[in-house]
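Taken together, the values in this text are just the output of simple stated rules run on the coordinates, not laboratory data. Predicted model only: the values in this text are computed from it and were never measured. Note that each Cβ is placed from the backbone with ideal geometry, even for glycine, and that neighbours are counted across all protein chains shown.
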Amino acid sequence: MTISRRDMIQATAAALALPALAKAPSPSPKPLFFTPAEFALVDEMSDMIIPTDAQSGGARAAGVAAFIDARLAEAFEKDEPLRWRAGIKAVEALSQEIHAKTFMASTPEQRLALLTRIAAAESDPKTDAEKFFGQIKGATIRAYYASKIGIHDDQRYKGNVIQPGEYAGYDAT
């Protein structure tokens, strides 16, 4: 039996890829910057900002909280991580004030009410919790649309392909 070099390379590549394809999904990674409670809050708020819908998975499915966590763990400037911690504390304080419990211990309706309240002042935030909403919303959007789910599922990006139709690009002539 004779086997070509090309066939051998293809068989080896397929054999190496098989365990990766058969591996069960790993549990959520341990947070690098956030505490587990902070990570849960960021994960929940980001998923409330971009929830799962019929077209694509939401922020949780896209790993937005893990992306933000990794970015903050590697931040050169120490101001941004401090702002995140202050914002999370402000949200927790507001949740305690309104519902007498932490954000994550609140019901989904109470969480939505709190998020709606701080989002209402998005154009002119005054409190730390309101300022934090702008911060987490911006980071959620950036992380989501940098993910495979945001790019391919939500935006339906197909790469560099011919796009026939009325507008197929700019014609400089």
**Prompt:** Thinking of the stretch 81-149 as a set of Cα atoms, what percent of all their pairs are more than 21 Å apart?
**Reply:** 27
**Complete:** For 133, 76, ascending order of other Cβ atoms within 10 Å (fewest first) is 76, 133
**Message:** Quick query: amide H of residue 52 versus all other amide H atoms, modeled in the peptide plane; which residues come in under 5 Å with a sequence gap of 5 or more or a different chain?
**Reply:** 58, 59
**Item:** Calculated Rg and Dmax of the stretch 54-173 using C-alpha coordinates, Å
**Value:** 18.8, 66
**Message:** Taking the number of other C-beta atoms within 10 Å as the exposure measure, put 102, 35 in order starting with the fewest.
**Reply:** 35, 102
**Fill in**
Least to most buried among 9, 136, 49, by other C-beta atoms within 10 Å and fewest first, runs 9, 49, 136
